[in-house]
Amino acid sequence: MKIPFDNSYFRLPAQMFTAQLPTPVNDPQIIATNDALATKLGIDISATDAVNIFAGNSIPEGAAPLAQAYAGHQFGNWNPQLGDGRAILLGEVIDADGIRRDIQLKGAGPTPFSRRGDGRAWLGPVMREYLVSEAMHAMGVPTTRALAAVTTGEPVYREEALPGAIITRVAQSHIRVGTFQFFAARGDIEALQALTDHVITRHYPEADGPAALLDLVIARYAKLIAKWMGLGFIHGVMNTDNVSIAGETIDYGPCAFMDDFHPDSVFSAIDQYGRYAYSNQPAIGAWNMAQFATALIPLMPDRDKAIEDFTAAVHRLPVTYEQAWLEVFGAKLGLSDPTEEDRTLIDDLLTLMTKDSADFTNVFAHMGQTTARDQFLDRDAFDAWDARRQARAAPDAAAMMANANPQIIPRNHRVEEAIIAGRGGDMAPFHALLAAVTQPYVYNADYARAPTTDERVTRTFCGT
């Protein structure tokens, strides 16, 4: 399999990574491949050695395998050294759109950053990341993507023996806020400057220095979170090592989409105090950007002025987010040029949804139809609210809402069903669900159905 590598990260200072080969596995078998993405990357995914490349058993010509160094705040607690503990970057390619993309194996074995871990992934989280990341892409959310997934033929030991798997992940880069923190904390100004220059060249060529870079990253991150909120998506682990500098959704661990709406919803089993609850995501986004700003300060000639300017920049995130949120939810309701006054209309709907435990996705999927009221217990209250919405609706409201409101999401119970079947060797539910969630605006009665009480999944888990 030929991959047209051009590995810019490998040319950065050596302290930014460690060269690292994947650890071979016994009996890799393909679970899924993303043919359309492969074509865009200039890769012939049908090559006979593809399975061995995606398993880490064979290193393609031109690859420069490495594990990236980074640090991070995990649930607010500083960890000075994290890094790619179970992921190995094979290299980079320039896609058909001229955009540089990383190709990374996740679950490819231990690295110097594994912190006594096995460097492996078990099948369930690999299936979840494949499904959710491809669904997010189909819904227009900036995200890492799945190029392929394989089983390894080897067990992974967590609380029990589980089937091992590896996902091949594609991203604009895997550089994180924590990457900047790693070098700032060590006082390694040379590496910090080299990283900043690399990110500007790669992702933000319009930036003329760290201050402009900070502004652009903040704006992109604020808009990303607004998109999450518009889908009822809860990331679950918004640690700074899981915040992509490219503004993509990265690291689908205990993520989840809400069924019944409640602003304080938490699914992640490791988020015991709700730090990363649905409603907290915008504020945590600002907190994360404050950590990014702090990491950039050593590059500035006047520290006091940088602190003042960067504080003002971080305070602009809520303003950018609020405007993006209004645009996202305005489109979901078919509102023409939503204004601040429309915020009350949107908030009143969310209050009704909370009161009646209405299904987040289905409320919006039915918006503008007579069936929308069926999502509520207090239908008179909804009718009164909807009359207000119709008074503000754009002439093309139906088309706006059809484009803004997915009919199908990777519902937690469906993902869990696919994982359970996959553990038993049956991948048919996974492929059926993948086909549905990658056509999110096409109605499918089976996959649009909200879970019954017995089917609900209320906790999701990280693969480590």
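Within the stretch 77-106, which residues are open to solvent by 50 Å² or more (accessible area, probe 1.4 Å) and either more than 20 Å from the chain's Cα centre (by Cα) or on the phi > 0 side of the Ramachandran plot (or both)?
Of everything in the stretch 77-106, those that are open to solvent by 50 Å² or more (accessible area, probe 1.4 Å) and either more than 20 Å from the chain's Cα centre (by Cα) or on the phi > 0 side of the Ramachandran plot (or both) turn out to be Asn77, Trp78, Pro80, Gln81, Ile94, Ala96, Asp97, Gly98.
Restricting attention to the stretch 186-199, does a residue exist that is within 21 Å of the chain's Cα centre (by Cα) and over 30 Å from Thr151 (Cβ atoms)? Write out each step before concluding.
First, pick out the residues of the stretch 186-199 that are within 21 Å of the chain's Cα centre (by Cα): 199.
Now narrow it down to the ones that are over 30 Å from Thr151 (Cβ atoms): 199.
Yes.
If you scan the stretch 128-153, which residues turn out to be open to solvent by 10 Å² or more (accessible area, probe 1.4 Å), over 10 Å from the mean Cα position of the chain (by Cα) and more than 27 Å from Ser58 (Cα to Cα)?
Scanning the stretch 128-153 gives Ala138, Met139, Gly140.
Could you list all residues from the stretch 340-370 that are open to solvent by 20 Å² or more (accessible area, probe 1.4 Å), farther than 23 Å from Ser265 by Cα and in contact (Cβ under 8 Å) with a residue 12 or more places away in the chain?
Hits for the stretch 340-370 are Glu340, Gly368.
Starting from residues that are open to solvent by 60 Å² or more (accessible area, probe 1.4 Å) and over 30 Å from Glu190 (Cβ atoms), keep the ones in the stretch 282-315 and report whichever is farthest from the chain's Cα centre (by Cα). Before the answer, list the steps.
Here is the first cut: in the stretch 282-315, the residues open to solvent by 60 Å² or more (accessible area, probe 1.4 Å) are 283, 287, 294, 301-305, 307-309, 311, 315.
Still in the list and also over 30 Å from Glu190 (Cβ atoms): 283, 315.
Details: Ala283: 17, His315: 24 Å.
Of everything passing the filter in the stretch 282-315, His315 is farthest from the chain's Cα centre (by Cα).
Within the stretch 83-103, is there a residue that is over 25 Å from Gln291 (Cα atoms), assigned to a helix (DSSP H, G or I) and without any contact (Cβ under 8 Å) to a residue 60 or more places away in the chain?
Among the residues of the stretch 83-103, not one is over 25 Å from Gln291 (Cα atoms), assigned to a helix (DSSP H, G or I) and without any contact (Cβ under 8 Å) to a residue 60 or more places away in the chain, which makes the answer no.
Return the pairs, sorted by first residue and then second, in which the second residue is part of a loop (DSSP other than H, G, I, E, B) and open to solvent by 10 Å² or more (accessible area, probe 1.4 Å), the first residue lies in the stretch 319-339 and is in contact (Cβ under 8 Å) with a residue 40 or more places away in the chain and within 19 Å of Ala219 (Cα to Cα), the beta carbons are less than 8 Å apart, and the residues are 6+ apart or on different chains.
Taking only residues 6 or more apart or on different chains, the pairs are Glu327/Pro338; Phe329/Pro338.
Within the stretch 408-429, can you find the residues that are open to solvent by less than 40 Å² (accessible area, probe 1.4 Å), more than 23 Å from Ala269 (Cβ to Cβ) and not aliphatic (A, V, I, L, M)?
none
Counting only residues that are open to solvent by 10 Å² or more (accessible area, probe 1.4 Å) and hydrophobic (A, V, I, L, M, F, W, C), which one in the stretch 107-127 is nearest to Gln407 (Cα to Cα)? Outline the logic, then answer.
Here is the first cut: in the stretch 107-127, the ones open to solvent by 10 Å² or more (accessible area, probe 1.4 Å) are 110-118, 120, 122, 125.
Remaining after also requiring hydrophobic (A, V, I, L, M, F, W, C): 113, 122.
Details: Phe113: 41, Trp122: 30 Å.
My answer is Trp122.
Identify the residue in the stretch 395-407 that is touching a residue at least 40 places away in the same chain (Cβ under 8 Å) and within 30 Å of Thr460 (Cβ to Cβ) and, among all such residues, is most open to solvent (accessible area, probe 1.4 Å).
Filtering first and then ranking leaves Asn403.
From Arg392, Arg373, grab the single residue that is in contact (Cβ under 8 Å) with a residue 24 or more places away in the chain and not small (Gly, Ala, Ser).
Arg392
Search the stretch 187-235 for residues being without any contact (Cβ under 8 Å) to a residue 12 or more places away in the chain and open to solvent by 40 Å² or more (accessible area, probe 1.4 Å), and hand back the single one that is farthest from Leu349 (Cα to Cα).
Looking at residues that are without any contact (Cβ under 8 Å) to a residue 12 or more places away in the chain and open to solvent by 40 Å² or more (accessible area, probe 1.4 Å), I get Asp197.
Report yes if some residue within the stretch 247-262 is open to solvent by 10 Å² or more (accessible area, probe 1.4 Å), over 15 Å from Pro142 (Cα atoms) and modelled with pLDDT under 95; otherwise report no.
yes
Enumerate the helices (runs of 4 or more DSSP H) found wholly within the stretch 280-333, keeping only those where 3 or more residues are closer than 30 Å to Ala402 by Cβ.
281-296, 317-332
Within the stretch 368-385, how many residues are in a helix (DSSP H, G or I) and under 17 Å from Ala331 (Cβ atoms)?
Taking the stretch 368-385 and keeping what is in a helix (DSSP H, G or I), we get 370-375, 379-385.
Of the ones still in play, those that are also under 17 Å from Ala331 (Cβ atoms) are 372.
Total satisfying the criteria: 1.
Is it the case, given these coordinates, that Thr168 is polar (S, T, N, Q), outside any loop (DSSP other than H, G, I, E, B) and surrounded by fewer than 24 Cβ atoms within 10 Å (Cβ to Cβ)?
no
Answer with yes or no whether Pro65 is surrounded by fewer than 18 Cβ atoms within 10 Å (Cβ to Cβ) and in contact (Cβ under 8 Å) with a residue 24 or more places away in the chain.
No: the conditions fail for Pro65.
The values are calculated or read from the model by the stated rules, or taken from the named source; none is laboratory data. Note that the structure is predicted; figures quoted are calculated from it, not measured. Note that each Cβ is placed from the backbone with ideal geometry, even for glycine, and that neighbours are counted across all protein chains shown. For accessibility, only protein heavy atoms count, side chains too; no ligands or nucleic acids. Shrake-Rupley method; radii C 1.70, N 1.55, O 1.52, S 1.80 Å.
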